[in-house]
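Quick notes on the structure that follows.
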Amino acid sequence: GRTSPVSGPSDPSGPLRIGAIPDQDPEVLQRLYGIVADALSGALDLDVSYAPVTDYAAAVSLFRTGDLDLVWFGGLTGVQARLQTAGAVPIAQRDIDADFHSVFVVNAATGLTPSDDLALLAGRRFTYGSETSTSGRLMPAFFLREQGVDPDGFPGGPGFSGSHDATLALVASGTYEAGVLNEQVWTSRTAEGAVDPAVVRYARTPAYSDYHWLLGPSAVDRLGEDLPDRLTDWFTGLSADDPGDAEVLELFGAGSFIPTEAANYDQIEEIGRDLGLIN
Amino acid sequence: MTAVLAAPPLHRDRRRWAWGLGGLVVLGWSLAGAGLFSGPVLNPSGLRQFGRFAAAALSPAHDAEFLRVLAEATLVTVAYAALGAALAVVLGSLGAVAVSRTTWGRRRAGWTAVRGVLAVPRGLHEAVWGLLLVNVLGLDPWVGVLAIGIPYGAVTAKVFADLLDEVPRGGYEALLASGAGRGTAALYGLLPQAAGGLLSYSFYRLECAVRSAVVLGLIGAGGLGYQLALSFASLRWEQVWAAVYALAALCVLADVGGRAVRRRVAEPRSADGSRPARDRVLVVAGLGSLALVAWSWWFLALSPATLTSARTVDQLSYVLDAAWPPATEGDLLTAIGSAAVDTVQMSVIAIAVATAGAVLLSGVAARRPGTGPARWAAGLAVRLILLLLRAVPPPVWALVLLFVLLPGVLPGALALGVYALGVLGRLVAEASEEVDGRPRAALRASGAPPLGAWLYGVLPALGGPVLALALYRWEVAIRDTVLVGLLGAGGIGVLLSGRIAAFDWAAVTTVLAAIVLLTLAVDLVSERARAALR
Amino acid sequence: MAAGERVAVVGASGAGKSTLLGVVNGSVPPTAGGVRVHGGDPAALRGRELRRLRARTGTIHQHLELVGPLRVVHNVNAGRLGSWSAARALRSLVQPHGLDDVRSALEQVGLADRMFERTDRLSGGERQRVALARVLVQRPDLVLADEPASALDPALADEAMRLLGELAADRGGALLASLHDPALALRHCDRVVGLAAGRVVLDAPAASLTLPELEAFYGVVR
Amino acid sequence: MAAGERVAVVGASGAGKSTLLGVVNGSVPPTAGGVRVHGGDPAALRGRELRRLRARTGTIHQHLELVGPLRVVHNVNAGRLGSWSAARALRSLVQPHGLDDVRSALEQVGLADRMFERTDRLSGGERQRVALARVLVQRPDLVLADEPASALDPALADEAMRLLGELAADRGGALLASLHDPALALRHCDRVVGLAAGRVVLDAPAASLTLPELEAFYGVVR
Ligand SMILES: Nc1ncnc2c1ncn2[C@@H]1O[C@H](COP(=O)(O)OP(=O)(O)OP(=O)(O)O)[C@@H](O)[C@H]1O
Ligand SMILES: Nc1ncnc2c1ncn2[C@@H]1O[C@H](COP(=O)(O)OP(=O)(O)OP(=O)(O)O)[C@@H](O)[C@H]1O
Ligand SMILES: [Mg+2]
Ligand SMILES: [Mg+2]
């Protein structure tokens, strides 16, 4: 008898397995989701377990195979997962996700000053974050194209630093003259004083929808038709006034959770298809 | 008895020169492709970022909470590594029989075919295997075990076969001449002589399995690789180094254990020659390995049933449906073509750097009994440095090298080169320990200085094994470009991870096929080169 | 060669003695001409046939070609691999089979007490005697011996040649030994074949040759 | 041993002849007692001193210990590594140095035409002569030869012993050769030392011994 440290395949009475794509502050993921799992399990009277996964593609695949039931996806990965998994439903997003932004940063040595003209970035060595990051790749590429800049046409091809922090470091080193990252990360790193002075904020993108909780169909089959509503109610009911809830909200960097629906991500889907990131 | 006896003519020399020259030309072409002769490649302003990474090596994270996390991760890593390596050695031993030249003799077609089949599992990186398996098996510990065991098994098969083929064949041929079958002759004439090398390689595989635990994070199993990946994503270098040191410590354990066993096998306790005697240490080591595998099986709660469950079959057919037929658009094929060129250039530079470094360092890194304390300390230091070079994963090397180099093929190539140097340095040092020491001792006895005795007594005998190792590492470097390709470094790895991220399975199939073909081509070229220089 | 015949191959260093023995046991393909052994041509045979032919031929190689890391008992037993199944060969590596035969062969060459020693720890002459013991347990019909006594002192050399002659005579087989010691050749062989630069230049019954004559041969052909 | 003296070590197989030579050149540590070579004890010396001592000692090993994949010319030149700098040794691997010396040494042993062949393609006797040529270019003061003629025919064996004796005499040095051929020992040495089970049991001027006496020695001590 030992049970696997990794959750086994779905069984009828199995727990609700939550997961997340590794994005900002990945090293606190474990703590974050431990707390979320406990709070959820207490409120909904369910067994809840958390599985750490470090790879975007793996998280999407595990959602498709039913090994993960409720996943905190980015905009693009959420769309990918939903398209591959018939019956998946968005549950909730943060208040900031309805109005999300990315910031373009440049190395001070370029002499560029803050401006909204992305065309000046063409011809510079430029890096995105992770390949399927909504805020570090997809939406910035879209806005670049809108201003007539070929998102793949940077000299030597664009870089993919792998994470928002790596983007900051690579722009600071001057290896890349410019880059783009999640505004939330930029704000929190600036607040921590962790941003190298060589990195200068250049531009901010218009708003778009990003992160959201996505629920898979097998959990609904197992745990009841009303599961999506119960989850949405719990998330949207989290209140900053309640100390327990506040801890969860703070970990997510949110003021509150709000309901969301698939249509909010249609733009992302369209751009994803355009860029060949969705088949 | 009327046979006319004449010595066969010598005509290898020209081929040697042709191969040597060809190698140099390819290296020059690769360096040119990396932009070394056209414009700046250095980015001095990134030294500060690089310095942060280097400085953190001296102050690894050591708060209690993090150490506890690391300790847990270590257990998981050990379990996966032990099972993965065990599976690899089992698969490798069976596969070695199937791919060794000794088995096929002069039947080249059969040999080439089997070798080609093996290139498929071998051509894909463990991380790619992990991703593919996740899609079929979901969150199951088998993913980690198989992701390590399958590609390693194929590599092990090839290396075991090469080791057996490289052993002096006098004894083997003498047995054939007295009517022994090929199998039994190999058992008596080749295996005992290759035993040291086989054991050494098996323990080396265990060490690799520990390092490959990086793939385990994918499946949510935790492990040191997962911790390292998390800390790396937020560039917490202190934590990255702590995880690297933990990895390195495990590697040292595998190394020390392997060395002890090898020493006992090479120099069994001198017993009275008239009685049979079993070495108790070896028996304990054997039983201990079995116990470790059994514990790992229990710890991971592996269940063979999942491999054949209906769900697995469903998922497999989903992936196969999506992946077949492969994509054949012209765009994709063009992209693959140019990525393949980058990949080859990157791997050639990597291997040139690693081989040159490994040979230069091997004299110091190799352990030699009966030398002074200064030589011993120097050897230890070099070995530790080599260990760190390979304990830091290639993606980390790629990023920190990218701080000080401009984007392009070069940072990726050097990242792979530095990592491969860590691996090759160790392998070459061990190969030089395995070389017959008597000619060297004979030279020392006539007053030759250490370096001279090494040049004349060891290097010529080392040529074959070093070439074999370097060429084998070349193939690995091709596969590893998957790990470093992303960072603006180009190569087929970018293409693959891009297609995987887009879940474009048909294109993934095409890219994987291209990688396998590239692997196979490298394998065949290597084989030719070695035959010419043998 | 007739049954029971003992033939010495003599010739200067590099004359082709080892190569000749290699052609006879099928490990060196002849560049021209051919040989017939036990009625078959080792260069033409394949697979089982070849193995059967080879199992009837025992060779002591000039460089011995023993497997150094293996214990003496296994190196001796290796002479019997031609008649063992693979499974048996494997089991014997763990728990040596046919110890009695091995022991008696080692006793004949004076090495009974070294049975379980690693072969590469033996002295030069001791190793040569292990190679001899291997042929003794093989019991071949044709014995090919390439300088089987080169590392042995005169007394042991005589003993070794006697054992080889007996082995051949016992089974109605033959002995073909390359020897660079003419005295040994005359004492232990019935016929002497002389080689120079790969060709037979002398073929005479041993009884018709005197020691000085044979010694002179080396001077002549050089 | 006196300057210019040629000493034969004889003894049954396994008596300890090779071990004795190993102790003298410092590659085997003695279990008891010690030796003095050129006034120094090889087991006590370290580093440069030891190297200097060893460079003055040339050894032909029983198993030759040549480097098989290396060409003959390099295997011969290896005898001079004791007096070459590392850089020179390296350069010589690309463009062999001192070709004249190598050629004349190889001529002396009758192998001048094999200079650029891979050593592992030579016949047994040819390899032994390469080992001999290596000592010839080394020009040591003390020559240790472990059965230097075991793979050679009588004529070549005599020639080899003559060369070794000359080499020792030329430089006022000495020759210590293990030999299992008593006739060779008596013909080419001034003194005969007999070993049995690792101990000296005979030490006599060659002139005082007859061939039958020495042959009998092997029978006696076994
Ligand atoms: N594999 C090989 N390739 C090239 N030449 C070879 C090879 N083997 C042997 N020879 C050459 O063929 C000739 C005959 O060699 P062989 O070993 O038969 O001589 P041998 O009569 O046994 O001499 P010895 O008494 O010295 O052992 C030698 O000149 C040798 O160098
Ligand atoms: N490395 C070793 N370990 C253990 N025993 C050894 C080792 N080397 C030699 N011996 C033993 O020591 C004894 C003396 O060996 P040595 O090689 O000196 O004999 P030798 O007189 O040269 O004999 P031969 O004429 O057969 O070459 C032998 O019984 C041998 O087995
Ligand atoms: Mg020969
Ligand atoms: Mg000896």
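The values are calculated or read from the model by the stated rules, or taken from the named source; none is laboratory data. It should be emphasised that the depicted structure is a prediction, and the values quoted were computed from it without experimental measurement. Neighbour counts run over all protein chains shown; Cβ positions are idealised from the backbone, glycine included. Side chains included, ligands, DNA and RNA excluded: accessible areas come from the protein's heavy atoms. Shrake-Rupley method; radii C 1.70, N 1.55, O 1.52, S 1.80 Å.
Please give the residues of region B:163-198, grouped as numeric ranges, whose backbone N is less than 14 Å from a label point set 7 Å along the Cα-to-Cβ vector of residue B:93.
Once the point is set 7 Å along Cα→Cβ of residue B:93, B:187, B:191-192, B:195-196, B:198 turn out to lie under 14 Å by backbone N, inside region B:163-198.
Quick one: ranking A:45, A:117, C:100 by accessible area, 1.4 Å probe, largest first, what do you get?
A:45, C:100, A:117
Before I look further, what does region A:101-194 give for accessible area per residue, probe 1.4 Å, in whole square angstrom? Walk me through the numbers before you get to the answer.
On the way: 2910 Å² over 94 residues.
Per residue, region A:101-194 has 31 Å² of solvent-accessible surface.
Just grab the label-to-label distance for residue B:26 and residue C:45, each label 7 Å out from Cα along the Cβ direction, in nm (one decimal).
It works out to 4.3 nm between the two label points.
Among DSSP beta bridges lying fully in chain A, give the percent that are antiparallel, nearest 5.
Expressed as a percentage, antiparallel bridges in chain A total about 65.
In region D:139-183, what residues drop by 50 Å² or more of accessible area when the other protein chains are put back, versus the chain on its own? Use 1.4 Å, and skip ligands and nucleic acids.
With the partner chains in place, region D:139-183 has these residues losing at least 50 Å²: D:153, D:154, D:180.
By how many degrees, 0 to 90 and rounded to 10, does the Cα axis of helix A:183-192 deviate from the longest principal axis of chain A?
Orientation of helix A:183-192: about 80 degrees from the principal axis.
At most 10 other Cβ atoms within 10 Å and a DSSP loop assignment: could you name the chymotrypsin sites (Phe, Trp or Tyr not before Pro) in region B:101-193 that fit?
Numbers: sites: B:104, B:111, B:129, B:142, B:152, B:160, B:172, B:188; in loops: none.
Sparse-neighbourhood loop chymotrypsin sites (Phe, Trp or Tyr not before Pro): none present.
Under 10 Å, Cα contacts only: if you run a Gaussian network model on chain D, which one of D:129, D:199, D:48 comes out with the highest mean-square fluctuation?
In this elastic network of chain D, the residue with the biggest mean-square fluctuation among D:129, D:199, D:48 is D:48.
Take every DSSP beta bridge whose two residues both sit in the protein assembly as shown, then give the antiparallel share in percent to the nearest 5.
For the protein assembly as shown, the DSSP antiparallel bridge percentage is about 45.
For a test of the definition: using alpha carbon positions, the gyration tensor, and the 1.5 limit on a/c, classify the protein assembly as shown as rounded, prolate or oblate. Working shown, then result.
Values: a/c = 2.64, a/b = 2.25, b/c = 1.17.
Here the protein assembly as shown falls in the prolate category.
Compute, for chain C, the length of the dipole vector about the Cα centre, with Cβ point charges of +1 (Lys, Arg) and -1 (Asp, Glu) only. Units Debye, rounded to 20.
980 debye
Taking Cα atoms, how many degrees apart are the long axis of helix C:99-108 and the longest axis of chain C, rounded to 10 and kept between 0 and 90?
Result, in degrees: 40.
How large is the helix-only mean residue ellipticity at 222 nm for the protein assembly as shown, computed as the sum of -39500 (n - 2.57) over DSSP H runs with n ≥ 4, divided by its residue count, in deg cm²/dmol to the nearest 500?
It comes out at -17500 deg cm²/dmol, rounded to the nearest 500.
Which residues belonging to region B:452-469 lose at least 30 Å² of 1.4 Å-probe accessible area when the assembly is complete, relative to their chain isolated?
Residues shielded by partner chains are B:455, B:456, B:460.
Compute the relative contact order of region C:66-139 as a whole-number percentage, counting only Cα pairs closer than 8 Å that sit 6 or more residues apart in sequence. Mind showing how you got there, number by number?
On the way: 83 pairs, mean separation 37.9, N = 74.
With pairs under 8 Å counted, the relative contact order is 51 percent.
May I ask you to list, by number, the DSSP H helices of chain B whose Cα span along the axis is at least 24 Å and whose average Kyte-Doolittle hydropathy reaches 0.0 or more?
B:13-33, B:64-99, B:141-166, B:191-212, B:237-266, B:280-300, B:330-365, B:373-391, B:409-434, B:459-484, B:505-533
Express in whole angstrom the spacing between the alpha-carbon centres of region A:45-122 and region B:456-534.
The two parts, judged by their Cα centres, are 33 Å apart.
Quick one: divide the alpha-carbon radius of gyration of chain B by 2.2 N^0.38 Å and tell me what you get.
0.99
What whole-number value in Å² describes the accessible area per residue of region C:66-139 for a 1.4 Å probe?
Result: 36 Å² of accessible area for each residue.
Pairs of alpha-carbon atoms within less than 8 angstrom and 6+ residues apart define the contacts here; what relative contact order does chain A have, in percent?
Normalised by residue count, the contact order of chain A is 27 percent.
Using a 1.4 Å probe and counting only protein heavy atoms, arrange A:268, A:258 so the residue with the most accessible area comes first.
A:258, A:268
Between residue C:113 and residue B:380, what is the FRET efficiency for a Förster distance of 35 Å, r being their Cβ-Cβ separation, to the nearest 0.05?
After rounding to 0.05, the efficiency reads 0.25.
Could I have the simple spin-label model distance between residue B:513 and residue B:316, label points 7 Å from Cα toward Cβ, reported in nm to one decimal?
Here the answer is 2.1 nm between the modelled labels.
At R0 = 22 Å, how high is the FRET efficiency between residue B:282 and residue C:94 if r is their beta carbon distance? Nearest 0.05 is fine.
Values: r = 13 Å, r/R0 = 0.58.
It comes to 0.95.
Round to the nearest 10 and give me the degree value, 0 to 90, for the angle of helix C:211-221's Cα axis relative to the longest principal axis of chain C.
80 degrees
Give me the one-decimal nm value for the distance between modelled label points at residue B:38 and residue D:52, 7 Å along each residue's Cα-to-Cβ direction.
If labels sit at residue B:38 and residue D:52, their model points lie 5.9 nm apart.
For the D and B pair, go ahead and give the buried accessible area with a 1.4 Å probe, both sides summed, in Å² to 100. Walk me through the numbers on the way to the answer.
Details: alone 11070 and 25780 Å², together 34610 Å².
Buried surface at the D/B interface: approximately 2200 Å².
For region C:66-139, what does the alpha-carbon gyration tensor say about shape, rounded, prolate or oblate, given a ≥ b ≥ c as the root eigenvalues, a/c under 1.5 as rounded, and a/b over b/c as prolate? Working shown, then result.
Values: a/c = 1.76, a/b = 1.44, b/c = 1.23.
Taking the square roots of the gyration eigenvalues as a ≥ b ≥ c, region C:66-139 is prolate.
Need one number: buried accessible surface between chains B and A, 1.4 Å probe, both sides summed, DNA, RNA and ligands left out, in Å² to 100.
So the total buried area for this chain pair works out to about 4300 Å².
Normalise the Cα radius of gyration of chain A by 2.2 N^0.38 Å (N = residues in it) and let me know the number.
So chain A has a normalised radius of gyration of 1.04.
Using only alpha carbon pairs under 8 Å that are at least six residues apart, calculate the relative contact order of chain C and give it in whole percent.
Result for chain C is 33 percent.
Looking at chain C, send over the antiparallel percent of its DSSP beta bridges, to the nearest 5.
Bridges in chain C are about 30 percent antiparallel.
At 1.4 Å probe size, with every protein chain present, just tell me what the per residue accessible area of chain B comes to in Å².
39 Å²
State the percentage of accessible surface on chain D attributable to carbon and sulfur atoms; use a 1.4 Å probe and exclude ligands, DNA and RNA.
Answer for chain D: carbon and sulfur cover 51 percent of the accessible area.
Taking the Cα centre of chain B as the origin, how large is its charge dipole in debye, to the nearest 20, when only Lys and Arg (+1) and Asp and Glu (-1) carry charge on their Cβ atoms? Please list the in-between numbers first.
On the way: 43 positive and 30 negative charges, 374 e Å.
Using only the charged Cβ atoms, the result is roughly 1800 debye.
Could you sort B:518, C:211, B:47 by accessible area so the largest value comes first, with the probe set to 1.4 Å?
Result, largest first: B:47, C:211, B:518.
Over chain A, with every protein chain in place, what whole percent of the accessible area is carbon and sulfur at 1.4 Å, could you tell me? Walk me through the numbers on the way to the answer.
Details: 4720 of 9810 Å².
Summing carbon and sulfur atoms, their accessible area is 48 percent of the total for chain A.
Leaving ligands, DNA and RNA out of it, report the carbon-plus-sulfur percent of the accessible area of chain B at a 1.4 Å probe.
Summing carbon and sulfur atoms, their accessible area is 72 percent of the total for chain B.
How large is the charge dipole for region D:66-139, taken about the Cα centre, if only the Cβ atoms of Lys, Arg (+1) and Asp, Glu (-1) carry charge, to the nearest 20 debye?
Numbers: 12 positive and 7 negative charges, 42 e Å.
Computed about the Cα centre, the dipole is about 200 debye.
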